[in-house]
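Let me begin by presenting the structure, written as structure tokens, before commenting on it.
The values are calculated or read from the model by the stated rules, or taken from the named source; none is laboratory data. The model shown is predicted, which means the values in this text are computed figures rather than measured ones. For neighbour counting, all protein chains shown are included, and Cβ atoms are generated from backbone atoms with ideal geometry for every residue, glycine included. With ligands, DNA and RNA removed, areas are computed over all heavy atoms of the protein, side chains included. Shrake-Rupley method; radii C 1.70, N 1.55, O 1.52, S 1.80 Å.
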Amino acid sequence: LVGGRLVQVGAPEEVYERPADEAVARLTGVASMLDVKVEPGPVVAIDGLRVPVQGSVGAGPHRLLVRPGWASLGGTLKGVVAGVRFEGPHTDHDLRTSAGMVVIRLPGPPRVRVGDDSGWSLHRGWLVGVREGT
């Protein structure tokens, strides 16, 4: 339920991995929302690189859901470390990117420090809707 109305029904894994909209994505866990432009494929362009994603939306500006485990440090995408939170078995790394903030969760202690430049990789993403204001 979002705002008192039923938005999506499905198995927990389906709702987590393929939410109907951004509100559902945020209800079901940590949700980084990146502003991207969708190209046919579907593919999104981030830092001039084309990255395949999932979802059924038309071309144009959209919001891309990235869960903490769907990205990793190291790679050709560019970011700056904005926050690091050690949480015992894992560490959440907040990266400021050209498309917005993304949380990357990796096992173990922190791998970078706040202020470091860091490359990152996107392993999967889910297109959740049209970017507002466009």
Checklist (1) open to solvent by less than 50 Å² (accessible area, probe 1.4 Å); (2) under 14 Å from Gly129 (Cβ atoms); (3) part of a strand (DSSP E or B) applied to Asp35, failing item: (1)
Return the residue satisfying two criteria in turn: it lies in the stretch 20-32 and is within 13 Å of Trp70 (Cβ to Cβ) and either surrounded by fewer than 20 Cβ atoms within 10 Å (Cβ to Cβ) or among the charged types (D, E, K, R) (or both), and of such residues it is modelled with the highest pLDDT. Val30
What number of residues within the stretch 54-72 are buried (at least 22 other Cβ atoms within 10 Å of the Cβ) and under 9 Å from Leu122 (Cα atoms)? 2
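Could you check the stretch 45-103 for strands (runs of 3 or more DSSP E) lying wholly inside it with 2 or more residues that are more than 21 Å from Ala23 (Cβ to Cβ)?
Details: elements: 49-52, 60-66, 71-86, 90-97.
Answer list for the stretch 45-103: 49-52, 71-86, 90-97.
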So, in the stretch 8-19, how many residues would count as being surrounded by 15 or more Cβ atoms within 10 Å (Cβ to Cβ) and of a type outside the set (D, E, K, R)? 4
